[in-house]
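Notes for the one structure printed next.
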Amino acid sequence: MVVNLSLQSKVEIKSNQAVRKIVLAGNWKMHKTQVESLEFVQKFKSEIENTEEGREIVLCAPFTSLSVMSKNLHGSRIQLGAQNIHWEDKGAYTGEISGDMLTEIGISYVVVGHSERRQYFGETDQTVNLRLKSAQKHGITPILCVGETKEQRDTGATEKIIINQLKEDLIDIDQSNLVIAYEPIWAIGTGDTCESIEANRVIGVIRQQLKNKNVSIQYGGSVKPNNIDEIMTQSEIDGVLVGGASLEPASFARIANYKIS
Ligand code: PGA
């Protein structure tokens, strides 16, 4: 019998041993009002009643929905994530949100350095690094996104780009409270998923760069109910960051309830 060592390494073997957590996160981006968010939660809760224990389920909702969702999710296994965090605790930073504002309402995760922030809102590796530090200072787990463009992939620069992002983004970052998402930019929102074997290979490269080999590393980019099972069989992949397919309760629940044969 072939034992799948990958799976073994992803589950708790001894209580005192470090483990790679499985983190299944939905990134709603700029979708859903408060009413729509609560409607989602209402349906979603019943769909994940039997989800295997040990799978962390996270909803990264717009700031406007987080507070009301937090009250509604009290006592549930669903964790809440924000989509950005500023590095200062307060001040004249119009449009930004601080760590204190997030912890006050029970936020556990925050997406940092998403390619949409890097591409459209001038996020740099330096500001990503500051936001990661701020999240950790407040006890929030950052989900750091890295990934290459189509052009960078086509010119063979994928590894170089990602290694460089990690080098810059992770300066003085505590790797014991960190999730990384490998998100090839050409696969985001395009329906053009990166082959799971290739995603696994790049995630292996990412892991090699880390001091802490037990950091959970997700794949993100057109994850859907019909490809989640295959993605999660890969040895290096510890979860997923899901955009479009996290907007429907049944679809994200199928992802949370992935099956490995
Ligand atoms: P997608 O988005 O699942 O819609 O491709 C993923 C992401 O941007 O995190």
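The values are calculated or read from the model by the stated rules, or taken from the named source; none is laboratory data. This is a predicted model, so every value here is computed, not measured. Neighbour counts run over all protein chains shown; Cβ positions are idealised from the backbone, glycine included. What goes into the accessible areas is simple: the full protein's heavy atoms, side chains included, and nothing from ligands, DNA or RNA. Shrake-Rupley method; radii C 1.70, N 1.55, O 1.52, S 1.80 Å.
Tabulated values for the structure
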| read-out | value |
| --- | --- |
| In order through region 77-87: 3J(HN,Hα) via Karplus (6.51 cos²θ - 1.76 cosθ + 1.60), integer Hz, x for Gly, Pro | 7, 6, 9, 10, x, 9, 10, 5, 8, 8, 8 |
| Cα gyration tensor shape for region 113-185, rounded if a/c is under 1.5, else prolate or oblate | prolate |
| Charge dipole (debye, nearest 20) of the chain; +1 at Cβ of Lys and Arg, -1 at Cβ of Asp and Glu | 420 |
| Nonlocal amide H pairs with Gln79, under 5 Å, H built at 1.01 Å | Ile57, Val58, Leu59 |
| Long-range HN-HN contacts of Thr141 with modeled amide H, under 5 Å | Tyr109, Val110 |
| FRET efficiency for Leu210 and Ser76, using Cβ-Cβ distance with R0 set to 35 Å, rounded to 0.05 | 0.65 |
| Cα-derived Rg to Rh of region 179-261, Kirkwood definition | 0.96 |
| Net charge over other residues, Cβ less than 11 angstrom from the Cβ of Ile197 (K, R count +1; D, E count -1) | -3 |
| Derived scalar couplings ³J(HN,Hα) [region 165-170; Karplus, 6.51 cos²θ - 1.76 cosθ + 1.60; whole Hz; x for Gly, Pro] | 4, 5, 4, 6, 5, 9 |
| Mean accessible surface per residue for region 28-120, computed with a 1.4 Å probe while every protein chain stays in place, in Å² | 54 |
| Relative packing of peptides 138-150, 19-31 - highest average C-beta neighbours within 10 Å first | 138-150, 19-31 |
| MRE, 222 nm, helices only [DSSP H, n ≥ 4, -39500 (n - 2.57), over the chain, to nearest 500] | -10500 deg cm²/dmol |
| Shape call, region 64-122: gyration tensor on alpha carbons, a/c limit 1.5 | oblate |
| Residue-span extension gain [Lys160 to Thr33] - 0.36 nm each, minus C-alpha spacing | 41.8 nm |
| Estimated distance in nm for a label pair at Thr94 and Ser176, the labels positioned 7 Å out from Cα along Cα-to-Cβ | 4.2 |
| Local electrostatic count, Ala187, Cβ distance below 11 Å [Lys/Arg +1, Asp/Glu -1] | -3 |
| Environment charge at Val41 (Cβ cut-off 13 Å; Lys +1, Arg +1, Asp -1, Glu -1) | +1 |
| Three-way shape call for region 41-153 based on the alpha-carbon gyration tensor, with the a/c threshold at 1.5 | oblate |
| Scattering curve values for the chain, log₁₀ I(q)/I(0), Debye with Cα scatterers, q = 0.10, 0.11 Å⁻¹ | -0.46, -0.56 |
